[in-house]
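Below is one structure, written out as structure tokens, with a few remarks after it.
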Amino acid sequence: MDGITFSNPNAFWILLVIPIYIAWYIWNRKKQNATLQLSTLKPFEGLKRSWKSYLRHLPMVVRMLALVAVVFVIARPQSSNSYRDEKTEGIDIVMALDISGSMQAIDFKPNRLEAAKDVGIKFISSRPNDNIGLVIFAGESFTQCPLTTDHTALTNLFNDVRMGMLEDGTAIGMGLATSVSRIKDSKAKSKVIILLTDGCNNRGDITPQKAAEIAQTFGVRVYTIGVGTRGTAQMPVQTNFGVQYVDQEVKIDEDLMQQIAEMTGGKYFRATNKKSLEAIYAEIDQMEKTILDVREYTKKTEEYLRFAIAAMLLLLTEVVLRNTILRTLP
């Protein structure tokens with residue numbers, strides 16, 4: 001009965017008649033049995049019961065099975081074949097990640113970079129239909145992974161990001177420009193860059209404003225995220241006594257981040273801890289939904305015929321039994 005559904009399942013309530021009929025049958029059989037008083041049963045000792053006596057209730061059993069089959073016919077069993085026609089319009093996304101030395105600050109646990117990686121990987125796993133790429137930047141920029149739907153490979157490359165891979169500094173303009181170059185020729189309906197940084201632009205040959213203009217020209221929307229607590233944060237500093245953590249002022253050029261977002265139709269966010277960073281990515285995820293057009297087709301086939309045939313054969317069997325080998329005299 002796998003894959004079978006019933007168009008009229010309420011018909012199965014009829015089966016409640018069976019226990020009522022069985023009770024009536026037992027009561028009626030007892031009422032019909034004749035009694036004969038004998039002084040002794042010795043004349044009947046050693047007589048074997050006829051095989052017919054064991055089958056005397058068989059017609060009733062066959063009739064009940066026929067009733068069950070008829071109820072299945074009334075319930076209209078149906079099998080169905082269904083398939084989906086899907087049309088997906090994905091979104092191309094480049095994630096631009098700052099890996100400058102200040103990303104080692106521990107106002108995020110275990111530090112800003114590791115927190116950003118963890119949240120970024122979760123964001124990738126929530127976007128299975130999108131092409132996503134990764135650009136890293138510090139004093140220069142580098143494409144860690146071009147746009148791809150192979151999110152396993154992308155996640156591995158995300159995990160491989162380490163401090164010191166690039167010359168130190170914060171070249172926001174270079175990071176944004178490299179991201180635009182990776183996504184500008186995309187045929188996707190929506191092109192998005194998520195740029196995350198914890199500082200101010202101090203390196204690079206391309207200014208952030210110029211890179212934003214280029215993004216605007218190619219219809220790329222940029223969401224900017226500034227990460228860092230307000231006030232001061234503990235950052236590792238190499239001293240003669242090893243690495244020491246000292247309080248340093250957190251400086252993020254929020255006016256610049258806001259300007260880039262507004263120029264490109266995006267939005268600026270400020271994350272002061274990992275929880276707020278997760279909320280930011282969740283909000284971006286909601287704003288940039290992949291378009292999925294799904295049409296479902298279902299074809300149903302009536303399956304009552306086998307039960308109708310079974311009911312007729314059972315009723316025929318009962319009639320034959322009652323009028324042949326199990327025939328009773330009035």
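The values are calculated or read from the model by the stated rules, or taken from the named source; none is laboratory data. None of the values given here were measured: they were computed from a predicted structure. Glycine also receives a Cβ, built like all others from the backbone with ideal geometry; neighbour counts cover every protein chain displayed. For accessibility, only protein heavy atoms count, side chains too; no ligands or nucleic acids. Shrake-Rupley method; radii C 1.70, N 1.55, O 1.52, S 1.80 Å.
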Handout entry: When residues of the range 94-117 are limited to those that are in contact (Cβ under 8 Å) with a residue 40 or more places away in the chain and more than 22 Å from ALA177 (Cα to Cα), the one most open to solvent (accessible area, probe 1.4 Å)
Key = LYS109
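Are any of the residues in the range 292-309 assigned to a strand (DSSP E or B), open to solvent by 80 Å² or more (accessible area, probe 1.4 Å) and of a type in the set (A, V, I, L, M)?
Filtering the range 292-309 down to residues assigned to a strand (DSSP E or B) leaves 292-302.
With open to solvent by 80 Å² or more (accessible area, probe 1.4 Å) added as a condition, the list becomes 292, 295-300.
With the extra rule that they be of a type in the set (A, V, I, L, M), the set shrinks to 292.
Yes - at least one qualifying residue is present in the range 292-309.
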Handout entry: Contacts under 8 angstrom Cβ, first residue in the range 4-16 being free of Cβ contacts under 8 Å to residues at least 60 places away in the same chain and over 11 Å from PRO77 (Cα atoms), partner among the β-branched types (Val, Ile, Thr) and assigned to a helix (DSSP H, G or I), 6 or more apart
Key = LEU15/VAL68; LEU15/VAL71
Fill in the blank from the handout: Result of the Cβ filter at 6 Å on the range 206-227, keeping first residues that are assigned to a helix (DSSP H, G or I) and partners that are small (Gly, Ala, Ser) and open to solvent by 10 Å² or more (accessible area, probe 1.4 Å), at least 6 apart or interchain, is ALA211/ALA177
Practice task
Please find, among VAL119, VAL94, the residue that is at pLDDT 95 or above and not in a helix (DSSP H, G or I).
Solution key: VAL94
Practice task
Name every residue in the range 245-268 that is under 21 Å from ALA171 (Cβ atoms) and within 30 Å of the chain's Cα centre (by Cα), in order of residue number.
Solution key: GLY266, TYR268
Practice task
Could you tell me whether any residue of the range 211-228 is over 35 Å from the mean Cα position of the chain (by Cα) and within 30 Å of ASP107 (Cα to Cα)?
Solution key: yes
Practice task
Just name the residue that is farthest from GLU283 (Cα to Cα) out of those in the range 204-236 that are loosely packed, with under 13 Cβ neighbours inside 10 Å and either among the acidic types (Asp, Glu) or at pLDDT below 95 (or both).
Solution key: ASP205
Fill in the blank from the handout: Just one listed residue, out of LEU326, LEU313, is out of contact with any strand residue (DSSP E or B) (no Cβ under 7 Å at 6 or more places or on another chain), over 30 Å from LYS117 (Cβ atoms), at pLDDT below 90 and outside any strand (DSSP E or B), and it is LEU326
Problem - Every residue from the range 147-171 that is closer than 24 Å to GLN104 by Cα and touching a Lys or Arg at 6+ places or on another chain (Cβ under 9 Å) - result: PHE158, ASN159, VAL161, GLU167, ASP168, GLY169, THR170, ALA171
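Restricting to the range 172-190, name every residue that is modelled with pLDDT of 95 or more and either assigned to a loop (DSSP other than H, G, I, E, B) or open to solvent by 10 Å² or more (accessible area, probe 1.4 Å) (or both).
Restricting attention to the range 172-190, the residues satisfying the condition of being modelled with pLDDT of 95 or more are 172-183.
Result: MET174, ALA177, THR178, SER181, ARG182.
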